[in-house]
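The values are calculated or read from the model by the stated rules, or taken from the named source; none is laboratory data. These numbers were taken from a predicted model, which means no experiment stands behind them. Note: ideal-geometry Cβ built from the backbone for every residue, glycine included; neighbour counts use all protein chains shown.
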Amino acid sequence: MRYAGRIREWNDDKGYGFVAPNGGGAEAFVHIKAFAPGSRRPVVGDLISYTLSSDPQGRPRAVDARFAGEKPAKSKSGKSGKSGRPLPRAWLGTAALAALAASAALGAIPWQLAAAYAVVSIVTYAYYAQDKTNAKAGERRIPEMSLQMLSLLGGWPGALIAQQRYRHKTVKASFQSTFWGTVVLNLLGVGWVLHSGTLARMLA
């Protein structure tokens, strides 16, 4: 059975809020993942339809949510449902660190560079873990700029692993667009210092 209601409260940073059913009744928790991939971000006052589920504590939770007038998502087979697979962030981060280690072992890059990526990735992972803990506890958050700067400095493999491990910062489009920008800038910067010989001179 589908219900209709309006978003009464929405925290876009955390990606969740509450929907009040039309005609009265208990409000339901709704997470951004309840909406089809590619849907716009909800705002307070949006009219949506949804089905009801419950969390482990038995509290009402909205799932399979759609905005008013939005058609059900179609999979490649033509059936309704969520399409596409989530980005394998942990695999990408681990593969990047493994490639760096292998390149250093083969002498393709200085071992100090691979070690720097590993160290900054560990620090970045720890920052993400702490920020997730703070978010759950309602405590002061780590500034997003700090997380992005760590990625820019080479911690993006650790960030990718943490994003998947803690399901953190993966649904906020503005954060993700900036994050991938830091990855590109970091790779371009490292490529330049390697190609120009700047890094070799610094380590000489």
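No other residue among 136, 132 is of a type in the set (Lys, Arg), more than 30 Å from residue 201 (Cβ to Cβ) and exposed (fewer than 14 other Cβ atoms within 10 Å of the Cβ) apart from 136. Among the conditions (1) under 21 Å from the mean Cα position of the chain (by Cα); (2) at pLDDT 95 or above; (3) more than 30 Å from residue 38 (Cβ to Cβ), residue 98 misses just one, which is (1). Taking the listed residues 42, 56, the one that is at pLDDT 85 or above, over 21 Å from residue 184 (Cα atoms), out of contact with any His (no Cβ under 6 Å at 6 or more places or on another chain) and not in a strand (DSSP E or B) is 42, with no other qualifying. The condition (being among the polar types (S, T, N, Q), under 30 Å from residue 39 (Cβ atoms) and in a helix (DSSP H, G or I)) is satisfied by just one residue among 133, 170: 133. Annotation note: of 161, 122, the sole residue that is assigned to a helix (DSSP H, G or I) and surrounded by 19 or more Cβ atoms within 10 Å (Cβ to Cβ) is 161.
I'd like to know if segment 150-168 contains one or more residues that are assigned by TED's automatic domain parsing to the domain that holds residue 93, over 25 Å from residue 133 (Cβ atoms) and among the hydroxyl-bearing types (Ser, Thr, Tyr). There is no residue in segment 150-168 that is assigned by TED's automatic domain parsing to the domain that holds residue 93, over 25 Å from residue 133 (Cβ atoms) and among the hydroxyl-bearing types (Ser, Thr, Tyr). Considering the conditions (1) buried (at least 16 other Cβ atoms within 10 Å of the Cβ); (2) of a type in the set (A, V, I, L, M, F, W, C); (3) at pLDDT below 95; (4) over 23 Å from residue 34 (Cβ atoms), residue 175 is excluded by exactly one of them, (4). Check segment 28-42 and report whether any residue there is in contact with a Phe, Trp or Tyr (Cβ under 6 Å, 6 or more places away or on another chain) and farther than 26 Å from residue 139 by Cα. Checking segment 28-42: not a single residue is in contact with a Phe, Trp or Tyr (Cβ under 6 Å, 6 or more places away or on another chain) and farther than 26 Å from residue 139 by Cα.
The number of residues in segment 1-35 that are assigned to a loop (DSSP other than H, G, I, E, B), over 21 Å from the mean Cα position of the chain (by Cα) and of a type outside the set (D, E, K, R) comes to 6.
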